[in-house]
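The values are calculated or read from the model by the stated rules, or taken from the named source; none is laboratory data. Here the structure is a predicted model, which means the values were calculated and not measured. Note: ideal-geometry Cβ built from the backbone for every residue, glycine included; neighbour counts use all protein chains shown. Areas reflect the complete protein model, heavy atoms only, side chains present, ligands, DNA and RNA absent. Shrake-Rupley method; radii C 1.70, N 1.55, O 1.52, S 1.80 Å.
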Amino acid sequence: MVKTFIKTIGRMFQENLGRFFANLLICFFALAISAGLNAMLSDYQESYQKNYDQGKASDIVLKDTTGNDVFRKDLDEVKGSDALAFLKEDEDVLSVDTYMSYDYPYEENYYRFTIEDFKAKSVNLFTLKEGRMPEKSADISHIEILVQEASFSRKEYKVGEKLSFPSLALALPSYSGNIELEVVGIVDSCLYNSQQEEPAQISSEDKDNLPDITAAFFVDKNSLPETYTATILGTEMELPTSSFYIVTDCAIRYQRGNRSYFSSEYKDFIEAKKEKLLSHFNANEKEVEALTLEENVSYALFKSYQKKVGSIALIIPIFFLILCGLVNLLTISRLIKEERPLIGTYVSLGYGKGAIVSKYLVFSLLSTGIGSLLGYFFGVPFLPKIIYGAYNSVFELHGLNLTFYTLVGILSIVAVLLLTFFVTLFVSLYLLQESPASLMKRKSPKPGKKILMEHLPFWKKIPFRYKSAFRNIFRNKPSFFLNSFSIMGAVLLLMLSFSLLNISDSLKDDKLFGNVASSMGLISGVIIFFALSMTVVVIYSLANMNVMEKQRELATLKVLGYTDSECSFYSFREIILVSATAGLIGLPFSALVLYFVYNYLEFGSLADVKWWSYVLSYVILIVTEILVNLLLSPKIARIDMNDSLKTLE
């Protein structure tokens, strides 16, 4: 008996390979997008954080807003110590750098000058990408500098290029004549690690419309000549260059432990340090501003972008998994319904409920389990790789260290398997409540009661072939509603993916996100691909189940003289009518869902969704239905007329 039972399991797999692989593919796409998007977030964040770790980025920059050389006085108090006096008491402080930084307007452009000691530099390091380091100048009229590499807003300079600036550009008010700056090296600073424009640090009430920095120049304090000749009141005098050099900035790097730069723990830690620093200076009546990474445009852009992509990565999988669960419910319920006589035979032969249920659990858990695992291990490495180029074109990433662990992905697998297990268990145990004799009889169709449409005046004018289709649709209400919800879910996925593309397009006009619209568009494109794939598989699964469910009915029609094309239309007419109607209902339903989703996420809006997204979603649904039905037509042609003799109806 055991061998016979195992053979029937093998026969079930053989006869239902289409259902098995359709269920597998649905789980594959659902888990690939779910695990892939969430893995992408963690992979890119880890890569981006290397900018700050390798460059020893400052956690807080103190700025002297008065120009009174506040920090130099504090340095003098500790007699040349490498840190401000009160910072010595903080065990979390790793290193402190002091330097002079300011933004200089010249010829309608803004240039950022940073003058510091390159040899003693221990915070906010930069990497030499091209050229060499500056050498000591013999004359103040010619100074070698480094320049930050170009971006969308910053100009591109070549090594060897020479620029002319007024003496005030290097804080030398008493020097007459321009100063020639020669670019000897191109550098990459850990604080300038995105293509976003860097606003100038100037006093302005309109903080949202500050001018952008044209270039960032780095001057080595040690490369400046010790003295320069200046004309004061008609008399030439030798002045020390250092006399005009003041400390405007103090960069502090802390021991952050295991705190991620983008975690709430890090933010709380730095905020506490910031309050402590400000209280110290306020107590000493010194006007100081404290800037954290939150005020850094590259950091703020990446953090904000990650938040938006994270919201997408949280919401998108939910709809994929819901649709996955709906189709799985349809697949298992129809499979078990078709095998009623076989289940009755098992019961009459003495097989226990556990053995019978296990047969269908094996089928459902294998299809969903294999699909989920394949989707997980496909999505986790490949989705981050696909979108990496777009991300890296905007944010400076340091390679892609793939991880195969994502909590959301693992929870999604567990959710799919649990849902499959309980659905299969419920459907099979519900059926096993009937007696063996009842199960052995194929379930008779419901009595031919009139449907609501038959009471309408135009019913008599409807051709018979459509009348039979409407009767079949509305008499099997559970199947009708499950099919309709599945189609509406497919439309919702298409609408959601196209709406993301619309929103990414609208970001082009946003100052903060204009540069990342292309990468958001690529993410939308990937989601559209998965939504299209999911839609095709869902429609194929529904159409295939419809054909298998009507196999004996179609065989009877062949006996009655129906041609293969007529049998095909007879089968597909119902699913097309359901899809067309459910698709139309799905459009306003999708709009309602999108309204609440985008309001909840505070990202985009329903107003950003273009009209063609609605039309295209519906057209894709109908075209896919037609193509899938054409694909399944040969299957109907192969139905044997002898199957009609097996029916007990």
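Would you mind telling me the share, in percent, of accessible area of the chain contributed by carbon and sulfur at probe 1.4 angstrom? Answer for the chain: carbon and sulfur cover 60 percent of the accessible area.
May I ask you to derive the relative contact order of the chain, considering only C-alpha pairs under 8 Å and at least 6 residues apart, and to give it as an integer percent? Before the final figure, lay out each step's value.
Details: 973 pairs, mean separation 127.3, N = 649.
Reported relative contact order: 20 percent.
Only DSSP H runs of four or more residues enter the estimate; each adds -39500 (n - 2.57), and after division by the residues of the chain the mean residue ellipticity at 222 nm equals -19000 deg cm²/dmol. One chain, two ends: L418 and E295. Fully extended at 0.36 nm per residue, the span grows by 39.8 nm beyond their Cα-Cα distance. Once Kirkwood radius over Cα pairs in Å is calculated for the structure shown, the corresponding label among [x] 26.8; [y] 25.4; [z] 30.0 turns out to be [z]. The solvent-accessible area of R132, taken with every protein chain present and a 1.4 Å probe, is close to 90 Å². Taking a ≥ b ≥ c as the square roots of the eigenvalues of the alpha-carbon gyration tensor, the range 89-221 is classed rounded because a/c is under 1.5. Ranking I115, I232 by solvent-accessible area of protein heavy atoms (1.4 Å probe, all protein chains present), from largest to smallest, gives I232, I115. Measuring r between the beta carbons of T8 and D640 and using R0 = 22 Å, the FRET efficiency lands at 0.60.
Taking every DSSP bridge with both residues inside the chain, close to 75 percent are antiparallel. If you fit an axis through the alpha-carbon atoms of helix 464-475 and take the longest principal axis of the Cα set of the chain, what angle between them do you get, 0 to 90°, nearest 10? With rounding to tens, the tilt is 70 degrees. When both the range 571-602 and the range 175-191 are represented by their alpha-carbon centers, they are found 59 Å apart.
In this rough spin-label picture, where each label sits 7 Å from Cα along the Cβ direction, the L94-A580 distance is 6.6 nm.
With 25 Å as the limit, the listed pairs K50/K307; K129/K274; K63/K273; K129/K221; K50/K119 have K129/K274 beyond it between alpha carbons. Annotation: peptides 584-595, 94-105, ranked by per-residue average of other Cβ atoms within 10 Å with the highest first, follow the order 94-105, 584-595.
Sort 532-539, 116-123 for me by packing, meaning the mean count of neighbouring Cβ atoms within 10 Å per residue, highest on top. Before the final figure, lay out each step's value.
Numbers: 532-539: 21.9, 116-123: 15.8.
Those peptides, ordered most packed to least, come out 532-539, 116-123.
Between the range 239-267 and the range 3-72, what's the alpha-carbon centroid distance in Å? What the calculation gives is 32 Å, centre to centre.
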